[in-house]
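Here the structure is laid out as structure tokens; the discussion comes afterwards.
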Amino acid sequence: MILCDHLTKAYNGVPAVDDLCLEIPAGEVFGLLGPNGAGKSTTILMLVGLIQPTSGACYIGGIEVAAHPIEVKKKIGYMPEDVGFYADRTAKENLDYAARFYGLSERERKQRVGDLLGLVGLDGVGTTVGGYSKGMRQRLGLARALINDPAVVVLDEPTANLDPRGVLDYRRIVKDLAGRGTTVLVSSHILSEVSKVCTSVGILANGRLIASGDRETLSRAATQDRVVIGVDTTAPMPRFTNPEILSAEFSQDSCSARIVARKDISDLIAETLYSEGILPRRLAIEKSDMEDILLSYYAEETV
Amino acid sequence: MTATGLAIIAGKEFSDHLRSRRFHLLFGILVVIAAVGMITGVVQYTKDLSDYNSLQMLAESEDDPALAGNLAGLKPSILSAYSQMGMLIGGIGVVLGIAMGFDLMTREKESKSLKSLLAYPIFRDEVINGKALGGVGAIALAMGVVLVFSLAVVTILGIVPNLGELVRILIFGAVSFLLVFTFFALALLMSAVSKDSGNALLHSLIVMIVLTSFIPIFAYPPVYSAVFGDPPTPPGTSAYSYQQSSSIYTVTTTKVGVQASGGVIDPEELKEYERASREYMTQRQTITDIVTLVSPTGNYQTILSAASQPAGDSAPGPGNLLGALAYNIIALLAMPAAFFGLAWVRFMREDIR
């Protein structure tokens, strides 16, 4: 559904997005991850037709965005990171204005606006948007992104200002969208959030896609030559010396450690603890969380 | 460009202007000023007409064809009342134009709604074209209301304009609209190039002051003399020279050709003086014309004073009037077009990040 083909965007000769090749199938919830300045927002702006690529192309549903922006925009729902509205108008008026651009009749607009305000929990709020909290604006932004019942939804930092209830609503909405076959692209810094809703992830660094795939694939790739072993003991443990150990982090009382090794050395650690007369409370191979995966890729990229 | 997107944006902008307190306030002032100008002008017109009728009766009773001939081209016109109103509208209209345009683009940037707006299925030019169209509609409505209001005042006071006067009144309305639109387009340009509304307003006011006050300074005689030099001095010593001014005319009389000692001045010197004088006056007229053309308020006042000339047999018809004012009208059309063109290009090239 979304295809980036050697997509490049340079500002004053400096590439913000560099030769990006990416394919997101229909119905996928794709998380675009990366540190500040990685090129996430620039990629999104090219995908929604707000800026033109310097070279390469991107396609939505097989239509090239730069060549046919209007056709593409009709298929897309977009919520920018810094979501904004007309402060002197109500949520209903703001959504109705947005709906007009998609050629909806007055009856359809009324129906759609009412449904969406209910979906994001803003039905019955009659005040103008100027009096809304950031979280309410974010909810309204999500509603506006869905006003045209899009085939592709692009969300830039969608949970940045949401309260826990709002986050739950957001997850529910995204899962519903995915269930209906809508492709969702989520750009976020909140890694745990991405791992909760996204079926696959792309990691951007310095404008380049350094890894992509589903979480398991990325996890395997990130940990294929390393194992993270967590150790908790009843007494302070000694510093382990083994050539397979890549790094080791100990707690202040030395009763907990997180050891990264080239291969599983948990037997050797157990033997060392036994020889020192220290009782282990826990000795286990840890599964990498999203943050570990991401940091491991960033670490590789900066080497 | 799709007509739908343009119409939606223009409709919203038009509605925003009509709902804006700023517009209500300035429009209210505009109407009050129009009323005051109209009533004052009509009172003056009635007095002038009464004086004219008395003089005409005098010419008829004394059977003085020379006086009757002179009076033929001096019949007061109701347009003199519009001239009075126009002078007042010139000032507030400029402010209205700037007030309506200075935050059109910056407001979208400040409210962070520009990205969302551009993500709708519309082309980028529809945004700026729609905003300009909505503004033009609101200005046209405001000026139309003022024009209808002025005609109502005139009619209530018992004056019915003839067809020629009606055409001139329409010309007055059209150029008043163009003046406000010029400053609206200037403010729109400043809104497109500035980062925030404060800067856009400041830049608009600076350019407005340059166009309406700074540039016309060069047409004033003392400034002109200081910049381009004094007029040539008559040969010999003038026997006497004086300048008499009234509110309408400035008459300068200089007696030349005779030296103080009583000797006769060389005719060649006199001829040279006349040539230099003509050259000086031609240059001065050119500079004055250029200054007038560059200044929208200068063009407005030139058109206004020509359109409100006294009626009568010698008054030019609408066609001749428009022909004589062609340069001023073109300048008054070209300036907003240039401002809007620059705003359009700037907005189309704007980097959205």
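The values are calculated or read from the model by the stated rules, or taken from the named source; none is laboratory data. Quick caveat: nothing in here was measured; it's all calculated off a predicted structure. As a convention, Cβ positions derive from the backbone with ideal geometry for all residues, glycine included, and neighbour counts pool all protein chains shown.
Provide a single number: the residues in the range A:98-109 that are over 23 Å from A:A160 (Cβ atoms) and either under 29 Å from the mean Cα position of the chain (by Cα) or not in a helix (DSSP H, G or I) (or both).
Residues flagged as over 23 Å from A:A160 (Cβ atoms) and either under 29 Å from the mean Cα position of the chain (by Cα) or not in a helix (DSSP H, G or I) (or both) within the range A:98-109 amount to 6.
Please work out if A:D169 is in the same structural domain as A:D18 (by TED's automatic domain parsing), modelled with pLDDT of 85 or more and either within 16 Å of A:R139 (Cβ to Cβ) or not polar (S, T, N, Q) (or both).
Taking the combined requirement at face value, the residue satisfies it.
Check whether at least one residue in the range B:183-193 is surrounded by fewer than 22 Cβ atoms within 10 Å (Cβ to Cβ) and in a helix (DSSP H, G or I), and report yes or no.
Residues of the range B:183-193 that are surrounded by fewer than 22 Cβ atoms within 10 Å (Cβ to Cβ), as a first pass: B:193.
Narrowing further to those that are in a helix (DSSP H, G or I): B:193.
Yes, that holds for at least one residue.
So which residues in the range A:92-115 are more than 8 Å from chain B (Cβ to nearest Cβ), of a type in the set (A, V, I, L, M) and either under 25 Å from B:K109 (Cα atoms) or buried (at least 20 other Cβ atoms within 10 Å of the Cβ) (or both), if there are any at all?
A:L95, A:A99, A:V113
Looking at the range A:14-37 only, could you name the residues that are aliphatic (A, V, I, L, M) and away from chain B (no Cβ under 14 Å)?
Those that are aliphatic (A, V, I, L, M) and away from chain B (no Cβ under 14 Å): A:L20, A:L22, A:I24, A:A26, A:V29, A:L32, A:L33.
Suppose we filter B:L157, B:L170 for residues that are modelled with pLDDT under 90, closer than 20 Å to B:N328 by Cβ and surrounded by fewer than 16 Cβ atoms within 10 Å (Cβ to Cβ); which single one remains?
B:L170
So, in the range B:5-40, how many residues would count as being surrounded by 15 or more Cβ atoms within 10 Å (Cβ to Cβ), within 14 Å of another protein chain (Cβ to nearest Cβ) and of a type outside the set (G, A, S)?
Qualifying residue count, the range B:5-40: 10.
B:V160 is checked against (1) in a helix (DSSP H, G or I); (2) among the hydrophobic types (A, V, I, L, M, F, W, C); (3) free of Cβ contacts under 8 Å to residues at least 60 places away in the same chain and fails just one. What number does that condition carry?
Exception for B:V160: condition (1).
Pick from A:D149, A:D214: which is within 30 Å of A:G114 (Cα to Cα), of a type in the set (D, E) and either within 14 Å of chain B (Cβ to nearest Cβ) or without any contact (Cβ under 8 Å) to a residue 24 or more places away in the chain (or both)?
A:D149
Failed condition for B:E126, given (1) under 29 Å from the mean Cα position of the chain (by Cα); (2) assigned to a helix (DSSP H, G or I); (3) within 14 Å of another protein chain (Cβ to nearest Cβ), with all others met?
Looking at each condition in turn, B:E126 falls short on (1).
Suppose we keep only residues that are more than 28 Å from B:R19 (Cβ to Cβ) and within 8 Å of another protein chain (Cβ to nearest Cβ) within the range A:74-91. Which one would you say is nearest to the chain's Cα centre (by Cα)? Even if it seems obvious, please write down each step before you answer.
Taking the range A:74-91 as the starting set, the residues that turn out to be more than 28 Å from B:R19 (Cβ to Cβ) are A:74-77, A:81.
Pick out the ones that are also within 8 Å of another protein chain (Cβ to nearest Cβ) and you get A:74, A:76.
Numbers: A:K74: 23, A:I76: 18 Å.
Only one residue tops the list, namely A:I76.
I'm trying to understand the selection: among the residues of the range B:97-111, which are under 15 Å from B:K12 (Cβ atoms) and not in a helix (DSSP H, G or I)?
Residues of the range B:97-111 that are under 15 Å from B:K12 (Cβ atoms), as a first pass: B:100, B:103-105, B:107-108, B:111.
Hits for the range B:97-111 are B:D103, B:L104, B:M105, B:S111.
Go through the range A:116-139 and give me each residue that's surrounded by 15 or more Cβ atoms within 10 Å (Cβ to Cβ), away from every other protein chain (no Cβ under 14 Å) and outside any loop (DSSP other than H, G, I, E, B).
A:L116, A:L117, A:L119, A:G135, A:M136, A:R139
Which of the residues belonging to the range A:59-73 are surrounded by fewer than 23 Cβ atoms within 10 Å (Cβ to Cβ) and either touching a residue at least 60 places away in the same chain (Cβ under 8 Å) or closer than 24 Å to B:S20 by Cβ (or both)?
Within the range A:59-73, A:G61 is the sole residue that qualifies.
Out of B:G198, B:G173, B:G144, report the one residue that is small (G, A, S), in a helix (DSSP H, G or I) and in contact with a helix residue (DSSP H, G or I) (Cβ under 7 Å, 6 or more places away or on another chain).
Testing whether each residue is small (G, A, S), in a helix (DSSP H, G or I) and in contact with a helix residue (DSSP H, G or I) (Cβ under 7 Å, 6 or more places away or on another chain) leaves just B:G173.
Can you give me the number of residues within the range A:194-220 that are under 16 Å from A:P35 (Cβ atoms) and either part of a helix (DSSP H, G or I) or more than 13 Å from the chain's Cα centre (by Cα) (or both)?
8
Pick out the one residue from B:A119, B:A152 that is free of Cβ contacts under 8 Å to residues at least 60 places away in the same chain, touching a strand residue (DSSP E or B) at 6+ places or on another chain (Cβ under 6 Å) and either assigned by TED's automatic domain parsing to the domain that holds B:P296 or of a type in the set (D, E, K, R) (or both).
One residue alone meets the criteria, B:A119.
In the range A:38-52, what residues are under 22 Å from the mean Cα position of the chain (by Cα), assigned to a loop (DSSP other than H, G, I, E, B) and more than 8 Å from every other protein chain (Cβ to nearest Cβ)?
A:A38, A:G39
Which one of A:T182, A:T233 is surrounded by 19 or more Cβ atoms within 10 Å (Cβ to Cβ) and more than 30 Å from A:T43 (Cβ to Cβ)?
Answer to the check: A:T233.
Kindly indicate whether any position in the range A:64-73 is in a helix (DSSP H, G or I), in contact with a strand residue (DSSP E or B) (Cβ under 8 Å, 6 or more places away or on another chain) and within 14 Å of chain B (Cβ to nearest Cβ).
Applying the first criterion (in a helix (DSSP H, G or I)) to the range A:64-73 yields A:69-73.
Next, only the ones that are in contact with a strand residue (DSSP E or B) (Cβ under 8 Å, 6 or more places away or on another chain) stay: A:71-72.
With within 14 Å of chain B (Cβ to nearest Cβ) added as a condition, the list becomes A:71-72.
Yes, that holds for at least one residue.
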